[in-house]
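Right, one structure below, let's go through it.
The values are calculated or read from the model by the stated rules, or taken from the named source; none is laboratory data. Computed from a predicted model, the values in this text were never measured in an experiment. Reconstructed Cβ throughout: ideal geometry from the backbone, glycine too, with neighbour counts over all protein chains shown. Side chains are part of the model used for accessible areas, which takes the heavy atoms of the whole protein and leaves out ligands, DNA and RNA. Shrake-Rupley method; radii C 1.70, N 1.55, O 1.52, S 1.80 Å.
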Protein chains: 2
Amino acid sequence: MEKIVNPQREEWAALLTRPQLKTADLAKVCKEIFAEIQKDGDRALGKYTWFFDQVRIDRLEVSEQECLEADSQVSEVLKQAIRTAKRNIEAFHALQCMDRNEYVSSEGFRCWQEARGIEKVGLYIPGGSAPLFSTVLMLAVPAKLAGCQEVILCTPPDRSGKIHPAILWTAQLCGVHKIFKVGGIQAIGAMTLGTETVPRVNKIFGPGNQFVTAAKQLAVHYGVAIDMPAGPSEVMVVADASANPRFVAADLLSQAEHGPDSQVILLTIDSRWAETVEQEVVSQLSELPRRDIASRALENSKVIVLADMEECLDMVNEYAPEHLILCMENYIEAIPKIKNAGSVFLGNYAPESAGDYASGTNHTLPTNGYAKAYSGINIDAFVKKITFQEITRKGLVALAPTIMTMAENECLYAHRRAVEIRLEDQKI
Amino acid sequence: MEKIVNPQREEWAALLTRPQLKTADLAKVCKEIFAEIQKDGDRALGKYTWFFDQVRIDRLEVSEQECLEADSQVSEVLKQAIRTAKRNIEAFHALQCMDRNEYVSSEGFRCWQEARGIEKVGLYIPGGSAPLFSTVLMLAVPAKLAGCQEVILCTPPDRSGKIHPAILWTAQLCGVHKIFKVGGIQAIGAMTLGTETVPRVNKIFGPGNQFVTAAKQLAVHYGVAIDMPAGPSEVMVVADASANPRFVAADLLSQAEHGPDSQVILLTIDSRWAETVEQEVVSQLSELPRRDIASRALENSKVIVLADMEECLDMVNEYAPEHLILCMENYIEAIPKIKNAGSVFLGNYAPESAGDYASGTNHTLPTNGYAKAYSGINIDAFVKKITFQEITRKGLVALAPTIMTMAENECLYAHRRAVEIRLEDQKI
């Protein structure tokens, strides 16, 4: 980890620069694959699954038989853990469902919002070394709470054409309607365009590598919404001397093991204390199974020593971290000053892993500085809020001068007329 | 208006097709202008303002003097109308601010969300024949309620280098911080990249033509969020014999006058009643100042006669209209069946103009079928919802088996370790 002591404000932007994502270069590849899916449907999915995943898939949709097998392959201990996590995630996300918010004017009209689940949503679960069944929970639980009517899931098959049983079991538990063995650009293309087997959806959710990210960006041009732009995962830890260096080191490493492009930044005001953390990182690293990945991530990581806690929080807001851990006394007082972050973990006993899995918050969060403009996944992401208005004749009479004056001044005379004609009506 | 009686379900998709938007062709032009803004800043803005708007601007930012002049140029009647509309818009949008939603587990942890206004937002107000001061209200009011700290506005100058006084006055009233005389692709580029004068923002809002839309789509690739994709405005009216044909005709025309590409669709179950509406449209059209625009829009418009109200509501959901007017008995019973729409107007006395200006709902709404996945503008669009979690040692002990089991099964051992190390601590 690189250590920087008291950098000048002018240097902050450069210091906090993230590695550039190269999605633009992939746009052309994505367009070609999308065009082929549009033309050849499932056949194109088969071709690219063979090309990228080196496996031939006879049947894209996971069968009931495969789901039954998965049930017998997942241990009861893991099932119980997933059920407990699901309970917390459900409880927290259920609180996010909108209350009725009606504006009743005494003049004779009322306006309100109602939420409707997005009808068809597609969840993407990446493949790779680790089976991300936790992401199935994070996406499928709010989708169901929101009232989405069709929830489908795409995930790449392994070399033997199978999907990890924990992913299948969790998807079943959460009520996912259909699961397809297709990944990468071709999965996003299938959900964007629809094929004989994979239905077109209204919105696509889920993490992925740069190929998936580029494909999701392209999907938008075909009228499909996406959850948010994605980048490598990251954590920023703000710690004072009240923090336990062993815990902090463990949190930095748990972020670093995600991938070699993970971002890990520690902010503190105590240079000597920071050294203890650095030593702890080295010592804990050697015991980690994924130490190769973690040490590569640590090469890009930083310890930044600043003058005071105010400055630390300013830097937090400039960086806008996906995950923010506040290991400091009086973290409660810091909360109102946090303007830009995805998810915040408070105190010595709130490791990022708690939110990654089980406490109830969502782990699909804005990376790459997007926390300045985007929320993490929550119920809002799965609904549309429709406005309604009911106006009585009396109400329209009261609103009429306002509407008619404004419409006239915007030169929209038919807008004015639509009110006037209703007022004339009584005279007839 | 074309009339279609009892179309087969298979024909619906073709029948409801919207005109294709051609933003892809504009991507290249946008990229070039963005690159020039990145290189030359304000100078590039001046160049393109001259090129597109045929006017030379010495000072991009509107001066205090110009704001004072605007104050004297707007009539007291219009000011009063804008103030009344603002009061309703504020009242309705204030109700959308999130309540505290805390999940407190008896096991010793709690999770909650807090909303934070997006720090820097840019509002775009199109130029053209009509001064869209109502759109200033619709964007600036929720931005201020949400707590956005910097609210800037870009709008193209007219040939004499001025901005319509009603736009300036409304922006002042709503507390917009800075107003810039720049429009089109160059305005979106300036807010995306920042120049010497125009600050870079986190999110860009507002309607615009195909150039603005293409530029907003490009802005996303530079890390700036946008409100939603835009297309021509549209209304769908569902009416039964209880509806007043004169009112319905006036509503259809008020949509048609927006532009020649506006979409206007009437659904009904009574073919003879529809004829009365068609006659009313013809007769009212002749009296409209904007009849040329409206009649061109009507060429693409449709009257569709269906078997029953159920079928009408199915077609509503398939089309997902920006504006939906339900002029029917028992419209209250229809509400739960509305799945896809931007904003819904209920009964004979709720013309679209009410929501366009004054009742309190927002008029920045999803067009082009985007109501299937997007909400209209509301407070959510101006905030990020950050999750927080506080976990006691006892809470972590309770969560530990769940987190550790799941982390291990996802092969993320450092995630597991971050919990384990905290539990070991007591033993020391």
Name the residue, out of B:LYS39, B:LYS302, B:LYS203, whose mean-square fluctuation peaks in a Gaussian network model built on chain B with Cα pairs under 10 Å.
B:LYS39
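Working out 0.36 nm times the residue gap between B:GLU2 and B:GLN210, then minus their Cα-Cα distance, what length gain in nm do you get to one decimal?
Details: separation 208, 0.36 × 208 = 74.88 nm, distance 2.64 nm.
Between B:GLU2 and B:GLN210, full extension yields an extra 72.2 nm.
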Modelling each spin label as a point 7 Å along the Cα-to-Cβ direction, I'd like the B:ARG200/B:ARG59 distance in nm, to one decimal.
2.7 nm
When chain A is treated as a GNM, springs tying every alpha-carbon pair under 10 Å, which of A:GLY108, A:GLY189, A:GLY128 comes out with the largest mean-square fluctuation?
A:GLY108
Distances in nm from B:PRO199 to the matching label points in the other copies, shortest first (labels 7 Å along Cα to Cβ):
4.6
Fraction of beta bridges assigned by DSSP in the protein assembly as shown that are antiparallel (%, nearest 5)
25 percent
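Buried accessible area between A and B (1.4 Å probe, both chains summed, ligands and nucleic acids excluded), in Å² to the nearest 100? Please report the intermediate quantities before stating the final value.
On the way: alone 21230 and 21240 Å², together 31820 Å².
Counting both chains, the buried surface is close to 10600 Å².
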Against the 2.2 N^0.38 Å rule of thumb, the C-alpha Rg of chain A sits at a ratio of 1.16
In whole Å, what is the distance between the alpha-carbon centres of the stretch B:276-337 and the stretch A:95-141?
29 Å
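Where the accessible area of chain B is counted over protein heavy atoms with a 1.4 Å probe, how much of it, in %, is carbon and sulfur? Present the calculation step by step, with values, prior to reporting the outcome.
On the way: 7850 of 15910 Å².
Carbon plus sulfur share of accessible area: 49 percent.
Keeping all protein chains in place, calculate the accessible area per residue for chain A (probe 1.4 angstrom), answer in Å².
Working: 15910 Å² over 428 residues.
Value returned for chain A: 37 Å² of accessible area per residue.
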For chain B, built as a Gaussian network whose Cα springs stay under 10 Å, the top-fluctuating residue of B:GLY147, B:GLY342, B:GLY376:
B:GLY147
Rounded to the nearest 10 Å², what accessible area does B:CYS67 show when all protein chains are kept and the probe is 1.4 Å?
20 Å²
Order of exposure, largest accessible area first, which applies to A:HIS177, A:HIS323 with probe 1.4 Å:
A:HIS177, A:HIS323
How far is B:THR392 from itself in the other copies, in nm, if each label sits 7 Å out from Cα along the Cα-Cβ line, shortest first?
5.3
Cα-based convex hull, the stretch A:231-375, per residue volume (Å³, whole number)
99 Å³
Computed [θ] at 222 nm, helices only, for the protein assembly as shown once each DSSP H run of length n ≥ 4 contributes -39500 (n - 2.57):
-13500 deg cm²/dmol
Fully extended contour minus Cα-Cα distance, from A:GLU287 to A:ARG18, at 0.36 nm per residue:
94.0 nm
Among A:MET236, A:THR195, A:GLY183, whose Cα lies farthest out toward the positive end of the dipole of chain A, if unit charges sit on the beta carbon of Lys, Arg (+1) and Asp, Glu (-1)?
A:THR195
Which whole-number percent gives the relative contact order of chain B, counting Cα pairs below 8 Å spaced six or more residues apart?
21 percent
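Please state, to two decimals, what the Cα-based radius of gyration of the stretch A:277-317 comes to when divided by 2.2 N^0.38 Å (N = residues). List each step's numbers first, then the result.
On the way: Rg = 13.5 Å, N = 41, 2.2 N^0.38 = 9.0 Å.
Ratio of Cα Rg to 2.2 N^0.38 Å: 1.50.
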Residue closest to axis [chain B; rotation mapping onto A; Cβ; Å]:
B:ASP380, 3
With a ≥ b ≥ c the root eigenvalues of the C-alpha gyration tensor of the stretch B:23-226, is it rounded (a/c under 1.5), prolate (a/b larger than b/c) or oblate?
oblate
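Only sites in a loop by DSSP and with at most 16 other Cβ atoms within 10 Å count here; which chymotrypsin sites (Phe, Trp or Tyr not before Pro) in the stretch A:182-266 make the cut? Don't skip to the end; give the middle numbers.
Details: sites: A:PHE205, A:PHE211, A:TYR222, A:PHE247; in loops: A:TYR222.
Qualifying residues, ordered by number: A:TYR222.
Given 25 °C and 0.890 mPa s, how large is the Stokes-Einstein diffusion coefficient of the protein assembly as shown in µm²/s, with Rh as the Kirkwood radius over Cα pairs? The partial results should precede the final answer.
Working: Rh = 28.4 Å.
After rounding, the answer is 87 µm²/s.
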Give the lysines whose C-alpha is closer than 18 Å to that of A:LYS144, dropping any in the same chain fewer than 8 places away, or say none.
A:LYS86, A:LYS120, A:LYS178, A:LYS203, A:LYS384, A:LYS385, B:LYS339, B:LYS372
Per-copy distances of the B:GLU2 label point, shortest first, in nm (7 angstrom along Cα→Cβ):
6.1
